[in-house]
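The values are calculated or read from the model by the stated rules, or taken from the named source; none is laboratory data. A quick note: this is a predicted structure, and the numbers were derived from the prediction, not measured. Quick reminder, even Gly has a Cβ in these numbers, built from the backbone with ideal geometry, and neighbours come from all protein chains shown.
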Amino acid sequence: MAEFKRQFVNYQFLKIDPAWRRLPADEREAGKREFAAAIAEYDKKAIVVPYSTVGIRAEVDLMLWRVSYELETLQDMMAKMLSTGLGKYINTPYSYIAMTKRSTYVDKHSHEGSEASRLTVVPGEAKYLFIYPFVKTRDWYLLTKAARQGMMNEHIEVGHKYPTVKINTSYSFGLDDAEFVVAFESDYPADFLDLVMELREVEASRYTLLDTPIFTCVRKELKDALNDLGG
């Protein structure tokens, strides 16, 4: 069987110090250019998709969905960003790290694609991204594989009813506090809301220990997302 390289996935949530908005306009513009240039340096080594969270969650303003084959690439990029004029005013309230991995439960579901596609994150063009860390109860892992598969089949069946919502699951076991980080892409927030409500009724939901905080993010060009920060 061919071996496919797995990716690191990072959801980096940033908050801007209000002092940033009181800087002179030219200093703010220079800081944003430096910040964008720092990200652009890594365009051959990482995928970076920006989202604005201004006005949606109080504690975050900007989210960067970052994907790379090397953890150090993500670290070096962040160090570069922090060294810019804008970076000096950035705090990081949340940052989730995970990896791609083949799911235990979807071998029979052709919509999941090939082995290579399951290990490769390909962000779509949807306007919205909904993200949360996820932890199962320990009792879930003490169930038989057959029992878990049966409940996940029901879970997957519900998901198929909402084709406008694409799920991206990454795995954090031993790397971060959560076990999974899930991110749902959609142009239709109402569809995602209805999906989540219906999933509350499936048997597997009784084994959910944690699925918060939940972030609603609006995809924008980096320039526009930075302009949302003020000035």
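To keep it simple, each residue is scored yes or no on (1) at pLDDT 95 or above; (2) part of a helix (DSSP H, G or I).
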residue: L64; (1), (2): yes, no
residue: L74; (1), (2): yes, yes
residue: D107; (1), (2): no, no
residue: I131; (1), (2): yes, no
residue: M152; (1), (2): yes, yes
residue: E157; (1), (2): yes, yes
residue: P163; (1), (2): yes, no
residue: S170; (1), (2): yes, no
residue: L175; (1), (2): yes, no
Are there any pairs with C-beta distances below 6 angstrom linking a residue in segment 114-129 that is within 20 Å of Q12 (Cβ to Cβ) and at pLDDT 60 or above to a residue that is of a type in the set (G, A, S) and assigned to a strand (DSSP E or B), with the two at least 6 apart or on different chains, and if so which?
-> A126/S186; Y128/S186; L129/A183
All positions within segment 177-213 that are of a type outside the set (V, I, T), surrounded by fewer than 17 Cβ atoms within 10 Å (Cβ to Cβ) and assigned to a loop (DSSP other than H, G, I, E, B) = D177, D187, Y188, R200, E201, P213
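This table checks each residue for (1) touching a Gly at 6+ places or on another chain (Cβ under 9 Å); (2) touching a residue at least 12 places away in the same chain (Cβ under 8 Å); (3) more than 16 Å from G230 (Cβ to Cβ); (4) not small (G, A, S).
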{"site": "I47", "(1), (2), (3), (4)": "no, yes, yes, yes"}
{"site": "L71", "(1), (2), (3), (4)": "no, yes, yes, yes"}
{"site": "S83", "(1), (2), (3), (4)": "no, yes, yes, no"}
{"site": "I90", "(1), (2), (3), (4)": "no, yes, no, yes"}
{"site": "Y94", "(1), (2), (3), (4)": "no, yes, yes, yes"}
{"site": "M99", "(1), (2), (3), (4)": "no, yes, yes, yes"}
Applying the selection to segment 126-148, what residues are in contact with a helix residue (DSSP H, G or I) (Cβ under 9 Å, 6 or more places away or on another chain) and of a type in the set (A, V, I, L, M, F, W, C)?
-> F130, W140, L143
Meets criteria (closer than 17 Å to K220 by Cα, modelled with pLDDT of 95 or more and either aromatic (F, W, Y) or in contact with a Pro (Cβ under 9 Å, 6 or more places away or on another chain) (or both)) for V54 | no
